[in-house]
Structure formats: structure tokens, C-alpha cells
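Here's the structure we're looking at; comments come further down.
The values are calculated or read from the model by the stated rules, or taken from the named source; none is laboratory data. Computed from a prediction, not measured in an experiment: that's the story for all the values here. Note that we place each Cβ from the backbone using ideal geometry, even for glycine, and neighbour counts take in every protein chain shown.
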């Protein structure tokens, strides 16, 4: 007296083992865009490691130029990533 009920897990279409080249590149660009703030935080923390005390200290003008340079590079990198992501269009199924 065993009844066969509906299947618990319906067949889902399997995703391909290897992604298409365009989809793969787009995902790597998205990963790079997500990693950019972390990279910026790490680069902005570098002046904390610069020598202080008895050794010749770094001038504050040099530190400000470094921080502004990192900021400018982060803005430029974000701009380039956004342009490359915009050119690629939207990824199907990317609900974000």
C-alpha cells in the first residue's frame, strides 16, 4: 500500500559547467568592483605603517599627496569598471 506521490525535488535545468566567456568576464568585473572599497581601505591604512618617532618622520604634505593620489586612483578605477560593466549590458537572471 505504497502510493507514489509527486516528486519532492522537481527537475531543474542544470547550469552549464563552464560559463560563457562574456558572462565569466562580467562576473569578474563585478567581483573587482566589490573588492575596490577593500583595496582602498588597505591602501589608505598604509600611512599608519610609516615610521614615526626617532627615525625621520614622513611630512604631512607627503601623506596628504599619497592619500589624495589613492583616492584619485580609486575614482578612476571605479569609473573604468562602471564603463566596462555598462558596455556589457545586463546579465540575464542577475537579480542582484
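Within region 51-78, residues that are over 30 Å from residue 28 (Cα atoms) sit with their Cβ atoms under 7 Å from residues that are outside any loop (DSSP other than H, G, I, E, B) and at pLDDT below 95, at 6+ positions apart or across chains, in these pairs: 63/47.
Restricting 57, 47 to residues that are at pLDDT 75 or above, surrounded by 12 or more Cβ atoms within 10 Å (Cβ to Cβ) and part of a loop (DSSP other than H, G, I, E, B) narrows the list to 57.
So which of 63, 78 is modelled with pLDDT of 90 or more, assigned to a helix (DSSP H, G or I) and surrounded by 12 or more Cβ atoms within 10 Å (Cβ to Cβ)?
Exactly one of 63, 78 is modelled with pLDDT of 90 or more, assigned to a helix (DSSP H, G or I) and surrounded by 12 or more Cβ atoms within 10 Å (Cβ to Cβ), namely 78.
Checked against the criterion of being within 23 Å of the chain's Cα centre (by Cα), over 27 Å from residue 68 (Cα atoms) and at pLDDT below 80, the candidates 21, 12 yield just one match: 21.
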